[in-house]
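Chemist: Have a look at the structure that comes next, please.
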Amino acid sequence: MATLYSAQSCRAYSSLPSSSSLSSSSMVGQLQRIAVSKRFLPAKISLQSQTGSHHNVVRMQDGAVATTVTPVENKIPLNKLKEGLTSVSSSEELKVAASFDDNENESSVSITVVGASGDLAKKKIFPALFALYYEDCLPKHFTVYGYARSKMTDAELRNMVSKTLTCRIDKRENCGEKMEEFLKRCFYHSGQYDSEKNFAELDKKLKEHEAGRVSNRLFYLSIPPNIFIDAVKCASLSASSGSGWTRVIVEKPFGRDSKSSAALTKSLKQYLEEDQIFRIDHYLGKELVENLSVLRFSNLIFEPLWSRQYIRNVQLIFSEDFGTEGRGGYFDNYGIIRDIMQNHLLQILALFAMETPVSLDAEDIRNEKVKVLRSMRPLQLEDVVIGQYKSHTKGGFTYPAYTDDKTVPKGSLTPTFAAAALFINNARWDGVPFLMKAGKALHTKRAEIRVQFRHVPGNLYNRNFGTDLDRATNELVIRVQPDEAIYLKINNKVPGLGMRLDRSNLNLHYAARYSKEIPDAYERLLLDAIEGERRLFIRSDELDAAWSLFTPLLKELEEKKIIPEYYPHGSRGPVGAHYLAARYNVRWGDVGLEQ
């Protein structure tokens, strides 16, 4: 992220200067404008071309021109473009160059949702695309294509999509018109995920809509992981862009362990370069997760405290108040550790604990996250408590057990709850426990980060708190969802003649502070993918480091067939989680009277 921007406003796209403003000494800049489409990157444009085994890039960032090495996306040889440019001399030829520059501003973006008939596409992807269109965040020339095996017409797709679109942002009067305009940009093509012929047919349709403009193409793989590679192969060979960029968004799970994840990455890289692969973790697009680095790095009061000297423990908590509800077949193959902890919570931990990056550039931030993950010791069985929810009757209603789900195998030992203690072996965090907790069918729905600070040395008011010093502990809470908020718990004197202390909250409640609704995470991540911003997407070495922490534990759990601790549906989870926290002299912050 090269600039700070508000979550609700759309980022401005950069415009290239016209060719007439370039002198003969800036031929490289002219080469860039003629050769490649606008990438919808603020103050950042790049040219990629294939010349044998070398990948040349001309990149302009904040007005500067530089050369570096990046993977292939453009198929026009760089040397031929240079030869053509050096031969430009007549005014007619310069006019042709200028017309190329104008055409560059008329580039198109084609977004293909592969697996368009699935729940994720209907509930998240299409609504997010409409919200971006509603806010004028999509480029002028864009097309949305649904691709799936289901037989469907364009009209049927539009009817399906229209049922999930809402004017939820600020209910402007022209929302209905916007919705109609958006649906007219939506089309459908039926095909098999492993058919190059079907993708070639899709390519033909995309070209019709692109109408000779420079084509940029984004494929969103909303499909099961076992058919990722087939779809990527066919899209790459039969439907990739010939003049602009081609990018692929891949949904989790990224494998089941280190070995399968590495195999998936290797297979993807047979057809794509690393910078074409956008591994999405939608939690990184959450507003409060986005605000984490702003809170820390732009407020002087927090950064000096962000270390073992002042922080006693950090808790990352994720809970859902419902069970698998018919999705047990998918969930049983992965479990809560793979589904939530190895990706969502670990990514938040890495953002929280990383050192100050050199800049807000995507690679600088991801470099620091990788350093954190590589500094952590792999999880051991004694560092973890697993659980599974059982049937529970409350108020005359019986809530089902996990194994009551008809899609779950009888006798399944797959954990629906896990708590873990992780440690980062570096100078900043040595000895500080990072406690994770994630579970289904718990008493509440929430996702939050809780930072508990150390006790005040020689606190003059200890006697006012009695023996429970934890009551006097300052705590910073970042509530990711629901009802987003940031609040700091402080000790305060209650007004009156006596000396009675109270624990109060300094509270930034987003709904009260900001009038506009917070955009969905998928809106931010889709816009980032269109712009080529990779900061919130997971790099392959980052993925390898994450799996290396959890793979030994997962292997041991499955080989030894560890029986999970059972907890009632709708409870606070297994008792063992409290013993795990107590081992490190920690009390979970979400179970007290004051939360």
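The values are calculated or read from the model by the stated rules, or taken from the named source; none is laboratory data. Keep in mind the model is a prediction, meaning the values are calculated, not measured. We place every Cβ from the backbone using ideal geometry, glycine too, and count neighbours over all the protein chains shown. These area figures cover heavy atoms from the full protein model, side chains too; ligands, DNA and RNA do not enter into them. Shrake-Rupley method; radii C 1.70, N 1.55, O 1.52, S 1.80 Å.
Chemist: Take the Cα gyration tensor of segment 226-313, multiply each eigenvalue by 5, square-root it, and list the three semi-axes largest first, rounded to whole angstrom.
Modeler: 37, 17, 10
Chemist: Round to a whole number: what % of the accessible area of segment 107-251 belongs to carbon and sulfur, probe 1.4 Å?
Modeler: After summing per-atom areas, the C and S share lands at 47 percent.
Chemist: Next question, about the same structure. Write out the GluC sites (Glu not before Pro) in segment 165-255 meeting two conditions: DSSP loop, and at most 14 other Cβ atoms within 10 Å of their Cβ.
Modeler: The qualifying sites are 173.
Chemist: Continuing with the same structure: Equivalent-ellipsoid semi-axes (√(5λ), Cα gyration tensor) for segment 107-251, whole Å, largest first?
Modeler: 24, 17, 13
Chemist: How many nm separate the modelled label positions at residue 174 and residue 204, each set 7 Å beyond the Cα in the direction of the Cβ?
Modeler: Computed distance between label sites residue 174 and residue 204 equals 3.7 nm.
Chemist: Moving to a separate point now. Using modelled amide H (1.01 Å from N, peptide plane; none on Pro or chain starts), what sits under 5 Å from the amide H of residue 110, excluding residues fewer than 5 places away?
Modeler: Residues meeting the criterion, in which the H sits 1.01 Å from N, are 143, 216, 217, 218.
Chemist: What does a probe at residue 194 reach in segment 211-252, counting residues whose amide N is under 11 Å from the point 7 Å along Cα→Cβ?
Modeler: Within reach of a label on residue 194, which here means backbone N under 11 Å from a point 7 Å along Cα→Cβ, segment 211-252 contributes 227-231.
Chemist: How big is segment 175-292 in terms of Cα radius of gyration and Dmax, in angstroms?
Modeler: My reading of the Cα-based Rg and Dmax gives 16.3, 50 Å.
Chemist: While we're looking at this one, here's another question. Tell me the label-point distance for the pair residue 541, residue 483, using the 7 Å Cα-to-Cβ offset, in nm and rounded to one decimal.
Modeler: Here the answer is 4.3 nm between the modelled labels.
Chemist: Express in nm, to one decimal, how much length is gained between residue 490 and residue 397 on full extension, taking 0.36 nm for each residue of separation and deducting their alpha carbon distance.
Modeler: Length gained, residue 490 through residue 397: 29.4 nm.
Chemist: At R0 = 35 Å, how high is the FRET efficiency between residue 274 and residue 303 if r is their beta carbon distance? Nearest 0.05 is fine.
Modeler: Between residue 274 and residue 303 the formula returns 0.65.
Chemist: Step through the residues of segment 473-488 one at a time and calculate ³J(HN,Hα) from phi using the Karplus curve (6.51 cos²θ - 1.76 cosθ + 1.60, θ = phi - 60°), rounding each to whole Hz and writing x for Gly and Pro.
Modeler: 7, 6, 9, 9, 10, 10, 8, 6, 6, x, 6, 3, 6, 10, 9, 10
Chemist: Shifting gears a bit: For the pair residue 296 and residue 499, what calculated FRET efficiency results from E = 1/(1 + (r/R0)^6), where r is the Cβ-Cβ distance and R0 = 30 Å, to the nearest 0.05?
Modeler: 0.30
Chemist: For an R0 of 25 angstrom, estimate the FRET efficiency from the Cβ-Cβ distance between residue 445 and residue 583 and round to the nearest 0.05.
Modeler: 0.35
Chemist: Pairs of Cα atoms under 8 Å, at least six residues apart: use those to get the relative contact order of segment 107-251, whole percent.
Modeler: 32
Chemist: Subtract the Cα-Cα distance of residue 456 and residue 555 from 0.36 nm times their separation in residues, and report this length gain in nm to one decimal.
Modeler: Between residue 456 and residue 555, full extension yields 31.4 nm more.
Chemist: Next question, about the same structure. Please go through the residue pairs 184/445; 233/410; 259/371; 124/151 and name each one whose alpha carbons sit more than 27 Å apart in this structure.
Modeler: 184/445; 233/410
Chemist: Continuing with the same structure: List the trypsin sites (Lys or Arg not before Pro) within segment 511-548 that fall in a DSSP loop (any state other than H, G, I, E or B) and whose Cβ has at most 13 other Cβ atoms within 10 Å.
Modeler: 516
Chemist: Need one number: nm distance between label points at residue 382 and residue 106, each 7 Å from Cα along Cα→Cβ, rounded to one decimal.
Modeler: 7.0
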